[in-house]
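S.K.: First, the structure itself, so that you have it in front of you.
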Amino acid sequence: MGERDLSVVVFGATGVTGRRVAAYLAERAGKVGAAWAAAGRDAAKLERVLDEVGVSAPETIVADVGDPASLAEMASRTRVVLNLVGPYTLYGEPVIEACVANGAHYVDLTGEMPFVRRMIDAFDDRAKAAGIKVIHASGFEALPPDLAILLAAETARKRWGEDLDEVDLEVATQAPAGRLGLADVVSGGTLQGTAEVLAGEDAAQSTDPAVLIDDPERAAEVRRRSPISLAPRVNGRGDVIAPMTPAAFINPAVIQRTATLLTGDQGRAAPPIRYREGMTMPGGAATLPLRYVAAAALGASQIGFRALSRTQPTVRNRIAGVLRKVLPSSGFGPSGSRLEQWAWQVVVEARTGGGHYVRIDVDADGHPGYLATARFLGEVGLLLAEDGATPERAGLLTPAAALGTAHLDRFQHAGVRFSLSS
Ligand SMILES: NC(=O)c1ccc[n+]([C@@H]2O[C@H](COP(=O)([O-])OP(=O)(O)OC[C@H]3O[C@@H](n4cnc5c(N)ncnc54)[C@H](OP(=O)(O)O)[C@@H]3O)[C@@H](O)[C@H]2O)c1
């Protein structure tokens, strides 16, 4: 990567998430000596939105996904593009093309798995040849689980020379007091992304735990060993565990790709991890059966999505058409002080083939999807822009394969703390 005048560009800085990434960089970039810019398609809106959230960007850039020259110009000036322009199924590819062609690392928050599969097929070889990292799914899904499991895997290799065999991951969240509306939980951008996945040719890939595995034999092994369960259950501590919400299909695909890429790099072929994840249902006044019913309801919506993703294209297209109209769109989502009043934890309990146990805890503040995500994405941008701060590896990577664990402590600045507990 030659000399560039910018370290990080936030593209889509007017969006619900993009404006928070810009706010993080406005606080943090100066402290690590990084130059950054906010980019969007509409200069006036960019100024207005950043002003509304009290962010002063050192520079703004006008770029539009429909104007390849503007994307090339943006990508050629910076070491890293953080892409917040979704749905990625519709808008992601030209941005990746510009980054790979012009030598910038690329990071996004997509959970649209068929899109990720397509991008691996289209860009992996070129990105490797150019020494560029293209990193998808760097939001709440799937960066914290991916990095925590990598830390567990590295710990097990170091202590016992063994690979992970089984991983259980549980997430607990504490929301702000009071009633939660839809806008407190999910953004229009995310909901519209779901409609685009459903409309896509390869919608069925969106629920496949092996969608990101390149080798068909390995993919079949992953599906056999680690199918995605949508049933509620009660864990050993008596907590009711619901399927991961809002989507149970993103983390499994990402962590299986990480394990496959990293053992492959080391010239080894460990069996796929048997991976199970879920959300701890908050206790409060609810009895165990009530919590179980609520967990089953969360699972039912995902069972419905999985069934729908496998139906005829005509049916999916009709439903996607309705969803595009009835679901909230861009700009809808959590905002203001309610973004701050969240806390969440991830617990990873891993066992090796030899029966050894490792536990990793992640403890974090801020709305998982739209504030903590924005902050740690900003930190990812800063890390990637620093020479030698991340592994040499290039290509279409997962967050953990791209970032490694050497600088996990840097995520404390984003309010996310990783610890090796046993
Ligand atoms: N996995 C996770 O944890 C996670 C968390 C958060 C978000 N996400 C994903 O991140 C994406 C963004 O989410 P969001 O809620 O922030 O979305 P949003 O509020 O809808 O923002 C979308 C952004 O894209 C911009 N945009 C749209 N069309 C464009 C074009 N032709 N050229 C340039 N910019 C364009 C919009 O600009 P205008 O303002 O000019 O329209 C806006 O800045 C979504 O796909 C969402 O699913 C994932």
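S.K.: Can you give the relative contact order of the chain as a percent, counting alpha carbon pairs under 8 Å and 6+ residues apart?
M.R.: Relative contact order, the chain: 22 percent.
S.K.: Next question, about the same structure. Give me a comma-separated list of calculated 3J(HN,Hα) values for region 72-86, in order, Karplus coefficients 6.51, -1.76, 1.60 applied at θ = phi - 60°, integers in Hz, x for any Gly or Pro.
M.R.: So the Karplus estimates, Gly and Pro as x, are 5, 4, 5, 5, 6, 9, 10, 7, 9, 10, 9, 9, 10, 9, x Hz.
S.K.: What length, rounded to one decimal in nm, is gained on full extension from S301 through to E93, with 0.36 nm per residue of separation minus their alpha-carbon distance?
M.R.: 72.0 nm
S.K.: Calculate the dipole size of the chain relative to its Cα centre from +1 charges on Lys and Arg beta carbons and -1 charges on Asp and Glu beta carbons; express the result in debye to the nearest 20.
M.R.: 980
S.K.: Determine the shape class of region 206-341: with a ≥ b ≥ c the square roots of the Cα gyration tensor eigenvalues, call it rounded for a/c under 1.5, and otherwise prolate if a/b is greater than b/c, oblate otherwise.
M.R.: oblate
S.K.: For A101 and W160, what does the FRET efficiency come to when R0 = 45 Å and r is the distance between their Cβ atoms, rounded to the nearest 0.05?
M.R.: Working from the Cβ atoms, E equals 0.55.
S.K.: Straight distance only, please: which lysines reach the Cα of K158 with their own Cα at less than 19 Å, same-chain residues fewer than 8 apart left out?
M.R.: Within the straight-line limit of under 19 Å, K158 reaches no lysines at all.
S.K.: Lysines near K31 by alpha-carbon distance under 30 Å, same-chain residues fewer than 8 away left out - which ones?
M.R.: Within the straight-line cut-off, K31 pairs with K45, K133.
S.K.: Describe numerically, in nm with one decimal, the distance between label points set 7 Å from Cα along Cα→Cβ at D121 and at Q174.
M.R.: Going from the D121 label point to the Q174 one covers 4.6 nm.
S.K.: Given points 7 Å out from each Cα along the Cα-Cβ axis, report the V315 to R417 separation in nanometres with one decimal.
M.R.: Each label point lies 7 Å from its Cα, and together they span 4.9 nm.
S.K.: In straight Cα distance, which lysines are under 19 Å from K128, not counting same-chain residues fewer than 8 positions off?
M.R.: none
S.K.: Under the definition of Cα pairs under 8 Å and six or more residues apart, what whole-number percent is the relative contact order of region 144-254?
M.R.: Answer for region 144-254 is 22 percent.
S.K.: Could you compute the net charge surrounding L25? Neighbours are other residues with a C-beta less than 12 Å from the C-beta of L25; K and R count +1, D and E count -1.
M.R.: Residues near L25 contribute +2 overall.
S.K.: Sticking with this one: Per-residue HN-Hα couplings for region 132-137, Karplus 6.51 cos²θ - 1.76 cosθ + 1.60 at θ = phi - 60°, whole Hz, x for Gly and Pro?
M.R.: Going residue by residue, I get 10, 9, 10, 10, 9, 6 Hz, with x marking Gly and Pro.
S.K.: Net charge within 11 Å of D265 by Cβ-Cβ distance, Lys/Arg positive one each and Asp/Glu negative one each, not counting D265 itself?
M.R.: Computed value for this residue: +1.
S.K.: Next up: Largest first and in whole Å, what are the equivalent-ellipsoid semi-axes of the chain based on the Cα gyration tensor, each being the root of 5 times an eigenvalue?
M.R.: For the chain, the semi-axes come out at 30, 25, 22 Å.
S.K.: Once Lys and Arg get +1 and Asp and Glu get -1 on their Cβ, which of A156, G111, A129 lies farthest toward the positive end of the dipole of region 71-215?
M.R.: My answer, from the dipole projection, is A129.
S.K.: Calculate the spin-label point distance for E201 paired with D363, positioning each point 7 Å from the Cα along the beta-carbon direction, and give it in nanometres.
M.R.: 4.9
S.K.: Pull up all non-local amide H partners of D165: gap of 5 or more, or a different chain, and H-to-H distance under 5 Å with H placed in the peptide plane.
M.R.: R351, T352, G353
S.K.: Apply the Karplus curve 6.51 cos²θ - 1.76 cosθ + 1.60, θ = phi - 60°, to the phi angles in region 153-162 and return the couplings in whole Hz, x for Gly and Pro.
M.R.: Karplus-based 3J(HN,Hα) across region 153-162 equals 5, 5, 5, 5, 5, 5, 6, 10, x, 10 Hz.
S.K.: Quick check: Cα centre of region 111-158 to Cα centre of region 1-46, how many Å?
M.R.: 22
S.K.: Please get the size of the charge dipole for region 256-385, origin at its Cα centre, with Cβ charges of +1 on Lys and Arg and -1 on Asp and Glu, quoted in debye to the nearest 20.
M.R.: The dipole magnitude comes to about 800 debye.
S.K.: Using the Cβ atoms and a cut-off under 15 Å, what net charge is assigned to the surroundings of R218, where Lys and Arg are +1 and Asp and Glu are -1?
M.R.: Summing Lys/Arg as +1 and Asp/Glu as -1 gives 0.
S.K.: Right, something else. If you average the C-alpha positions of region 238-256 and of region 191-219 separately, how far apart do those two centres end up, in angstrom?
M.R.: 16
Laboratory data are not the source of any read-out in this text; all were calculated from the coordinates shown. If you're wondering where the values come from, they're calculated on a predicted model, not measured in any experiment. Don't worry about glycine lacking a Cβ; one is built from the backbone with ideal geometry, like all the others, and counts go over all protein chains shown.
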